[in-house]
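What follows is a single structure, written as structure tokens, with notes after it.
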Amino acid sequence: MSLLPLFAMAGVGVLTQPAVKLSLEFLSETQSAKVTLDLPKGESAPQFRMAAWAPGDYQIWNFGNQVRNAEFFRNGKITPSKRSPNDPNLWQVPGGYDRVVTTVRASNGNFTPWLALGKDYAFVSPAGVLGWVPGFENRKMLLTVKPPQEWKRATLHCAPPTKDGTVQAGDYFELIDSPFVIGENLTVETRSVGKGKEVVTVGFGKPELKLGPIADLLADLAKENEKLFGENPVDRFVLLCDFDGFASGLEHRASSRVGLWSTSPQQVQGLISHEYFHIFNIKRIRPKGIGPLDLTQPAKTPSLWFAEGVTDYYAEVILTRLGRQTKQEFLKGMATMLQRFQQRRSRSQATAIESSLRVWEVKGSQGYGISYYEVGWLIGATLDLAIRRESKQKFSLDDVMRALYKSHKRPDGFTEVELRQICTTYGGPQLGEIYDDCVNSTGSPPLGQELRSAGYTWNGRDLVAPEETRHKYPYDLRSP
Ligand SMILES: [Zn+2]
């Protein structure tokens, strides 16, 4: 979710241009925030925008509707502006402005609050709160966060570096992908996960949290994911654990906000593992259509089944590799997923690709017709098993993930055709057919068939694994 083409074209010179400065203060009585945005000295612009949607939550929110008030200034004096009659997220300022002050209401998305004001903390997911100035997106952003006066010992936690209460982001896209919490009584646990690398767990919304075990889980996840991909792309990963908000998570490029209901890793590890895996799958391995990021209209992609469902599959695979759940527990989860999907499939005729492309037509960010989380999970397992079988246990879905990760720095993202091709590279031509069957069919992915080929049986209640040492292609959930 990182770059606009503009950035690439503008070149290095952009980096030396003066920064856009923002400041944010919280208005607890009205459950809102006041945001002041200042353009660099001597510069002005004729438009101001709020995002229509936020990365990771594929639904139109029109954050302009959360703006209670917007006042534009030029050289210290108020200047006339007009809200666009056709676009709730756009303001026109014919004479140009160099400062805009907005008041933005607290609101929630499908997976995170955009702005939440607690008794002793405030949480912000900036996509729903901070607008941008067209033409200035690629400037450095300096956001000063001002806690309420009564919070004498408030601390600020965010993935990009902070200095004196100021978040320093490389551009607008990094800024909105950097949620933060500020408050008193926050719990912070840091773990080193390699040379120059650390993971930070920050808890808020509940006093006296014991987050050591979750911090250890996060460190384990960082190390296991690094084993899979060969590197850890994030020097400092921050997990913002919200014990006062709803149970769900949203991924960001170097952080994640998760709504937790327990401090016990066993209870919450599936969610945390899923969000952590996203720093690879979606934040770096990105399907075409999601980026370059355009926040003014729906970002349509056929591959959300891969971004979300395969992430969900790997969340469980990684936990099993870590020994944080048993293979039997993993298989139980798989059986539940299969059964649930088969029950729901009877009510829908959508394919995995349609579910992804048309998610914008329905609310909830889960998919059109069927859940791309569920179908993508099953497709991930099917492809993994099929590649293991067809390659005679030489390759697995891990190799597909690594190949995608290797080319993630290109700006446009992968296509379904390329993904299919990578699967055949490791699984041979047969994988093409299996892939098509998975993504273009309204039926279940042929997971049952793959499991039978691998020696698994269904006893009416559980999936029963073959004795692995005796089977030719053991599905041991490890890289071959
Ligand atoms: Zn996700």
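The values are calculated or read from the model by the stated rules, or taken from the named source; none is laboratory data. Worth saying up front: this structure is predicted, and the values here are computed from it rather than measured. Here Cβ is always computed from backbone atoms with ideal geometry, including for glycine, and neighbour counts include all displayed protein chains.
Any idea how many residues of the stretch 267-284 are more than 13 Å from the ligand (Cβ to nearest atom) and either touching a residue at least 12 places away in the same chain (Cβ under 8 Å) or among the acidic types (Asp, Glu) (or both)?
3
From the set of residues in the stretch 243-253 that are within 16 Å of the ligand (Cβ to nearest atom) and in contact (Cβ under 8 Å) with a residue 40 or more places away in the chain, which is farthest from Pro160 (Cα to Cα)?
Phe246
Can you tell me which residue is surrounded by the most Cβ atoms within 10 Å (Cβ to Cβ) among those in the stretch 330-352 that are among the hydrophobic types (A, V, I, L, M, F, W, C) and assigned to a helix (DSSP H, G or I)?
Result: Ala352.
Mind counting the residues in the stretch 370-386 that are closer than 22 Å to Gly249 by Cα and either part of a loop (DSSP other than H, G, I, E, B) or polar (S, T, N, Q) (or both)?
2
Tally up the residues in the stretch 427-480 that are in a helix (DSSP H, G or I) and either within 30 Å of Val417 (Cβ to Cβ) or modelled with pLDDT of 85 or more (or both), please.
Total satisfying the criteria: 19.
When the residues of the stretch 340-391 are narrowed to those that are touching a residue at least 60 places away in the same chain (Cβ under 8 Å) and on the phi > 0 side of the Ramachandran plot, which ends up nearest to the ligand (Cβ to nearest atom)?
Per the criteria, the residue is Ser365.
How about the stretch 375-420: which of its residues are of a type in the set (S, T, N, Q) and either in contact with a Phe, Trp or Tyr (Cβ under 8 Å, 6 or more places away or on another chain) or under 24 Å from Glu231 (Cα atoms) (or both)?
Ser391, Gln393, Ser396, Ser407, Thr415
Can you give me the number of residues within the stretch 409-425 that are surrounded by fewer than 18 Cβ atoms within 10 Å (Cβ to Cβ), touching a Pro at 6+ places or on another chain (Cβ under 9 Å) and not β-branched (Val, Ile, Thr)?
2
How many residues, within the stretch 133-174, are assigned to a strand (DSSP E or B) and charged (D, E, K, R)?
2
Taking the residues in the stretch 305-329 that are assigned to a helix (DSSP H, G or I) and surrounded by fewer than 18 Cβ atoms within 10 Å (Cβ to Cβ) as candidates, determine which candidate is nearest to the ligand (Cβ to nearest atom).
Glu329
Within the stretch 225-234, is even one residue under 28 Å from Phe26 (Cα atoms) and either within 16 Å of the ligand (Cβ to nearest atom) or surrounded by fewer than 19 Cβ atoms within 10 Å (Cβ to Cβ) (or both)?
no
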